[in-house]
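S.K.: Take this structure, written in structure tokens, and hold onto it; I'll ask about it next.
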Amino acid sequence: MTEQRVIDVHCHRECGDAAAIVKPEADRLGRAPLQVGNELTREVNKRQLMTLRPKMESIEVRLEDMDAMGVDVQALSLSPYQLFHWVEDVDLSLRAFQTINDDLAKVEADHPERFVALGAIPMQNPDSAIAELRRCVSELGFRGIEMATHIEGVEISSPQYNEFWEEVEQLGLMVFLHPTGFTQPQRLMDHYFINTIGHPLEETICAGRLIFDGVMERFGGLKFVFSHGGGFLPMYAGRFDHAYHAREDVRHGLPRPPSEYLSMFYFDTMVFDPDQIGYLVAKYGADHVLLGTDYPYDMGETDPLGLIGRVEGLSDTDRGLIAGGNAARLLGLA
Amino acid sequence: MTDPASPAGWVEAWQPTKTPKPDLRTVDVHAHTMVPESAELTRPHFRPELEPRTFYSSSVTKEINSEFYRLAQDKYTDPETRLADMDAMGIDIQLVALTPFHYFYWADNDLASQVAAMQNEAIARTVAHEPHRLIGVGTLPLAHPGAAVTEVSRIADLGFPAVEIGADVNGTDLDDPGLEPVWAALEEAGLVAILHPAGFTEAKRLTDYYLVNVIGMPLSTTLAVTRLILAGVFERHPGLRMVLVHGGGFLPFYWARTDHAFRHRPEMRGHIDRLPSEYLADLYFDLTVFDAELVKTLATRFGADHLMIGTDYPFDMGETDPLGLLAETGLDEAGFRAVAGENAIRLFRLDWTRAGRTQRDGSG
């Protein structure tokens, strides 16, 4: 195929079968999806889960929406609230995540020209995580995975995941990072701050930890794609670099300043502001920015190509890279 | 040789700037002092859990900070040391505000009133040392709005053009209805509010790598200003003028997500009619972001007339060469002059021909 395909690296699908598997456990623990926030937020989210159901369940509706947005291929990941990392039982969680991945694999198999699956990993158990990672690649043929910014409060940069990241690096997978609000949401209950501030904050902390905890120093081949433009850090890196140069408790033996590791990351375009995308391109290169839509949520972008079109000073080559070239490269699509 | 990444190294960091100073008074709107006797007075009532930056700091961070405070004591309290460092930075005029770790917002009504008055008197004495170059910024007992309103008029009487306020009051957000009289009093007195955070209250995951400060400070400002906007504080108090330090945290470049949510989510609406970013555009931002590209982005978005030099003097998270940073942005001459001093002279009315100033100069 010579023509450049438009690839959306940030879009979601629900998995009802996996939800059914963990439902008894969710009921026992009193967990309900997307219920952090004030009363109005909980109500709006509940309503949205219902109204979005056709988009989540019907591939035909999804394909129509993709056509309307000008998206050829969705690099499809699970709705992050369904990353069931809170399920402690090893067998139950493995079964749920296998169900998720089998479902994503089927969507891809039914429409190989339109979908690429990003696997979901039971990170709460590092052994299951590696096992399911290998199955995703060897049996299901996945080229990337989705990753939360923490696992029930444990940083993904913590030492217990060293082996996991080593394996991901060797497999050459793209890792799409997506938050689910902030772990300490007490002051983010109103105004949907759990999302508008919580998401970019989680990404900022996660990126900071991957850098300062030395994950990028040890596994420089990892291909992390941050959602929501990487949160606050890509534009506010000056404070990190200054602290690194000024303070021993920040430097902590890290050989290079944080911004150098930050340059190894990739960022999606889900920021609603062409100038911010322009900043990311100028600072990190057009080869580090990828189109995303957050489909089908209300915090998503329905005209992603229009948004990229409004970024000033981009060449056609740059636009091609952002719209799909970079995703094709990171996912190893021919 | 002293390790530059050490408390001792930072104390030596003030070297004369090589950047030519414009032929106008340069103004630093973000600098700190401390009032040791106020710390003594409040010590028996100290509530460590309400000082998040310290409470969530790692032990190595606490050691580094103690060592720094010990070595840098003169910079906080001795006007001559301050003036010498201002000379090195190319700064003519500095607004002198309390270090946020001396807010002591957890003090009860009587103690808080007493402490704020003591601190404001001490700041007045410091700036009286060189009234042409040092300008006082007051502090308020914000947990007790009645006392804060009283202190606003005392601060105006001291001739200060501004007050410094925390980004939250013991975890209570600034849009709390109880603070309405304070905003009205500031508006009425024509005092500028300089919003300065003291760390983030929910900082459990920010303990390592000094993230309590590196992320906690801008985060705290981001949350505070977003709430002030959405709750309609600026809508109800159009005369309230506010300066955000550290470049205003994250919102000045990440406003579009909040605007999008405002358009599509009912939780955001109810108090304001315009987009959140439009209220943000009425505020002012300092340059303590360590990145000329970001400064340029802020200038493009908000106009060079909304930016001012800030140094965070004498903290190690400060800028020791503000004119160098400003030169690096490539702003045109008018923009450079505006940011270097003209904006602050206008906003804080640092006009030496005004009667009040002349009077104070005469008594100094």
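The values are calculated or read from the model by the stated rules, or taken from the named source; none is laboratory data. Since we're looking at a predicted model, the values are computed, not measured. Here the Cβ positions follow ideal geometry from the backbone for every residue, glycine too, while neighbour counts run over all protein chains shown.
S.K.: Could you list all residues from the range A:278-299 that are more than 16 Å from A:I7 (Cβ to Cβ) and without any contact (Cβ under 8 Å) to a residue 60 or more places away in the chain?
M.R.: A:G278, A:Y279, A:L280, A:V281, A:A282, A:K283, A:Y284, A:G285
S.K.: Further question on the same structure: Would you check if there is a residue in the range A:123-130 being among the β-branched types (V, I, T), under 27 Å from A:S157 (Cβ atoms) and surrounded by 16 or more Cβ atoms within 10 Å (Cβ to Cβ)?
M.R.: Keep residues of the range A:123-130 that are among the β-branched types (V, I, T), which gives A:130.
Filter once more, so that each one left must be under 27 Å from A:S157 (Cβ atoms): A:130.
Now narrow it down to the ones that are surrounded by 16 or more Cβ atoms within 10 Å (Cβ to Cβ): A:130.
Yes, the conditions are met somewhere in the range A:123-130.
S.K.: Related question: Being under 26 Å from B:L307 (Cβ atoms) and acidic (D, E) is true for just one of B:D78, B:D85. Which residue is that?
M.R.: Numbers: B:D78 fails: under 26 Å from B:L307 (Cβ atoms).
Of B:D78, B:D85, the one residue that is under 26 Å from B:L307 (Cβ atoms) and acidic (D, E) is B:D85.
S.K.: Mind telling me which of the residues B:I155, B:I135 ends up being touching a helix residue (DSSP H, G or I) at 6+ places or on another chain (Cβ under 8 Å), in a helix (DSSP H, G or I), modelled with pLDDT of 95 or more and surrounded by 20 or more Cβ atoms within 10 Å (Cβ to Cβ)?
M.R.: Values: B:I135 fails: in a helix (DSSP H, G or I).
Only one candidate passes the filter, namely B:I155.
S.K.: All but one of (1) farther than 30 Å from B:R337 by Cα; (2) at pLDDT 95 or above; (3) exposed (fewer than 15 other Cβ atoms within 10 Å of the Cβ) hold for B:D78, so report the exception by its number.
M.R.: With respect to (1) farther than 30 Å from B:R337 by Cα; (2) at pLDDT 95 or above; (3) exposed (fewer than 15 other Cβ atoms within 10 Å of the Cβ), B:D78 is out only on (1).
S.K.: Considering the range B:284-298 alone, what residues qualify as being within 12 Å of chain A (Cβ to nearest Cβ) and within 19 Å of the chain's Cα centre (by Cα)?
M.R.: Result: B:L287, B:T288, B:V289, B:F290, B:D291, B:L294, B:V295, B:L298.
S.K.: Next up: Out of all the residues in the range A:81-92, is one or more in a helix (DSSP H, G or I) and free of Cβ contacts under 8 Å to residues at least 60 places away in the same chain?
M.R.: Yes: one or more hits.
S.K.: In the range B:107-129, which residues are of a type in the set (G, A, S), part of a helix (DSSP H, G or I) and surrounded by 22 or more Cβ atoms within 10 Å (Cβ to Cβ)?
M.R.: Those that are of a type in the set (G, A, S), part of a helix (DSSP H, G or I) and surrounded by 22 or more Cβ atoms within 10 Å (Cβ to Cβ): B:A112, B:A116.
S.K.: Looking only at the range A:270-289, decide whether some residue is under 24 Å from A:H150 (Cβ atoms), modelled with pLDDT of 95 or more, in contact with an Asp or Glu (Cβ under 7 Å, 6 or more places away or on another chain) and not in a loop (DSSP other than H, G, I, E, B).
M.R.: no
S.K.: Now for a different question. Suppose we keep only residues that are among the hydrophobic types (A, V, I, L, M, F, W, C) and more than 15 Å from B:D173 (Cβ to Cβ) within the range B:198-213. Which one would you say is farthest from the other protein chains (Cβ to nearest Cβ)?
M.R.: B:V212
S.K.: Could you give every pair whose Cβ atoms fall below 9 Å, whose first residue belongs to the range B:147-168 and is more than 22 Å from B:V245 (Cβ to Cβ), and whose second residue is modelled with pLDDT under 95, counting only separations of at least 6 or pairs across chains?
M.R.: Within 9 Å, the pairs are B:G159/B:G356; B:G159/B:R357; B:G159/B:Q359; B:G159/B:R360.
S.K.: Of (1) surrounded by fewer than 21 Cβ atoms within 10 Å (Cβ to Cβ); (2) modelled with pLDDT of 95 or more; (3) of a type in the set (D, E, K, R); (4) more than 29 Å from B:R205 (Cα to Cα), B:D23 satisfies all except one. Which?
M.R.: Single failed check for B:D23: (2).
Every residue, every condition in (1) on the phi > 0 side of the Ramachandran plot; (2) within 13 Å of chain A (Cβ to nearest Cβ); (3) in a loop (DSSP other than H, G, I, E, B); (4) not acidic (D, E), yes or no:
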{"site": "B:L240", "(1), (2), (3), (4)": "no, no, yes, yes"}
{"site": "B:G247", "(1), (2), (3), (4)": "yes, yes, no, yes"}
{"site": "B:P252", "(1), (2), (3), (4)": "no, yes, no, yes"}
{"site": "B:A256", "(1), (2), (3), (4)": "no, yes, no, yes"}
{"site": "B:H260", "(1), (2), (3), (4)": "no, yes, no, yes"}
{"site": "B:R274", "(1), (2), (3), (4)": "no, no, yes, yes"}
{"site": "B:E278", "(1), (2), (3), (4)": "no, no, no, no"}
{"site": "B:D282", "(1), (2), (3), (4)": "no, no, yes, no"}
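S.K.: Then there is this: Of the residues that sit in the range A:139-167 and are among the acidic types (D, E) and in contact (Cβ under 8 Å) with a residue 12 or more places away in the chain, which one is farthest from the other protein chains (Cβ to nearest Cβ)?
M.R.: So, considering only residues that are among the acidic types (D, E) and in contact (Cβ under 8 Å) with a residue 12 or more places away in the chain, the one farthest from the other protein chains (Cβ to nearest Cβ) is A:E167.
S.K.: Here are some conditions: (1) modelled with pLDDT of 95 or more; (2) over 22 Å from A:M216 (Cβ atoms); (3) touching a Pro at 6+ places or on another chain (Cβ under 7 Å); (4) not charged (D, E, K, R). A:Q160 meets all but one. Which one does it not meet?
M.R.: Going through the list (1) modelled with pLDDT of 95 or more; (2) over 22 Å from A:M216 (Cβ atoms); (3) touching a Pro at 6+ places or on another chain (Cβ under 7 Å); (4) not charged (D, E, K, R), A:Q160 breaks only (2).
S.K.: Kindly indicate which of B:L83, B:L71, B:L98 is touching a helix residue (DSSP H, G or I) at 6+ places or on another chain (Cβ under 8 Å) and away from every other protein chain (no Cβ under 14 Å).
M.R.: Residue meeting the stated conditions: B:L98.
S.K.: Under 6 Å by Cβ, and 6 or more places apart or on different chains, what pairs join a residue from the range B:304-317 that is more than 14 Å from chain A (Cβ to nearest Cβ) and surrounded by fewer than 22 Cβ atoms within 10 Å (Cβ to Cβ) with one that is assigned to a strand (DSSP E or B) and hydroxyl-bearing (S, T, Y)?
M.R.: none
S.K.: If you take the residues of the range A:260-284 that are polar (S, T, N, Q) and more than 9 Å from every other protein chain (Cβ to nearest Cβ), which of them is nearest to A:L321 (Cα to Cα)?
M.R.: Taking the range A:260-284 first, the residues polar (S, T, N, Q) are A:263, A:269, A:276.
Pick out the ones that are also more than 9 Å from every other protein chain (Cβ to nearest Cβ) and you get A:263, A:269.
Working: A:S263: 17, A:T269: 12 Å.
Result: A:T269.
S.K.: Would you list the helices (runs of 4 or more DSSP H) that sit entirely within the range A:185-250 and hold 2 or more residues that are within 11 Å of another protein chain (Cβ to nearest Cβ) and within 21 Å of A:F267 (Cα to Cα)?
M.R.: Correct list: A:193-196, A:198-212, A:233-246.
S.K.: Which one of the conditions (1) closer than 20 Å to A:L233 by Cβ; (2) touching a Ser or Thr at 6+ places or on another chain (Cβ under 7 Å); (3) among the acidic types (D, E) does A:D275 fail to meet, given that it meets all the rest?
M.R.: It is condition (2) that A:D275 fails.
S.K.: Could you please find all residues in the range A:56-102 being loosely packed, with under 14 Cβ neighbours inside 10 Å and not β-branched (V, I, T)?
M.R.: Residues satisfying the conditions are A:E57, A:S58, A:E60, A:E64, A:D67, A:A68, A:E88, A:D89, A:D91.
S.K.: Pick from the range A:1-25 the residues that are surrounded by 16 or more Cβ atoms within 10 Å (Cβ to Cβ) and part of a helix (DSSP H, G or I): which of them is farthest from the other protein chains (Cβ to nearest Cβ)?
M.R.: My answer is A:I21.
S.K.: Failed condition for A:G37, given (1) under 19 Å from A:L78 (Cβ atoms); (2) of a type in the set (G, A, S); (3) in a loop (DSSP other than H, G, I, E, B), with all others met?
M.R.: (1) is the only condition that A:G37 fails.
S.K.: Name the single residue that is nearest to the other protein chains (Cβ to nearest Cβ) among those in the range B:10-20 being more than 14 Å from B:D312 (Cα to Cα) and surrounded by fewer than 19 Cβ atoms within 10 Å (Cβ to Cβ).
M.R.: This residue is B:E12.
S.K.: Turning to a different aspect of this structure: Taking B:F336 as the residue in question, decide whether it is among the aromatic types (F, W, Y), touching a residue at least 40 places away in the same chain (Cβ under 8 Å), on the phi < 0 side of the Ramachandran plot and assigned to a helix (DSSP H, G or I). So that I can check it myself, show each step before the final result.
M.R.: Numbers: among the aromatic types (F, W, Y): yes; touching a residue at least 40 places away in the same chain (Cβ under 8 Å): yes; on the phi < 0 side of the Ramachandran plot: yes; assigned to a helix (DSSP H, G or I): yes.
Criteria met by B:F336.
S.K.: Test B:D87 against the stated conditions and say whether it is touching a strand residue (DSSP E or B) at 6+ places or on another chain (Cβ under 9 Å) and in contact (Cβ under 8 Å) with a residue 12 or more places away in the chain. Walk me through it before giving the result.
M.R.: Working: touching a strand residue (DSSP E or B) at 6+ places or on another chain (Cβ under 9 Å): no; in contact (Cβ under 8 Å) with a residue 12 or more places away in the chain: yes.
Answer is no for this residue.
S.K.: Filter the range B:12-64 for residues that are in contact with a His (Cβ under 9 Å, 6 or more places away or on another chain), outside any loop (DSSP other than H, G, I, E, B) and aliphatic (A, V, I, L, M) and give the result.
M.R.: Once the filter is applied, which keeps residues that are in contact with a His (Cβ under 9 Å, 6 or more places away or on another chain), outside any loop (DSSP other than H, G, I, E, B) and aliphatic (A, V, I, L, M), the range B:12-64 yields B:A39, B:V60.
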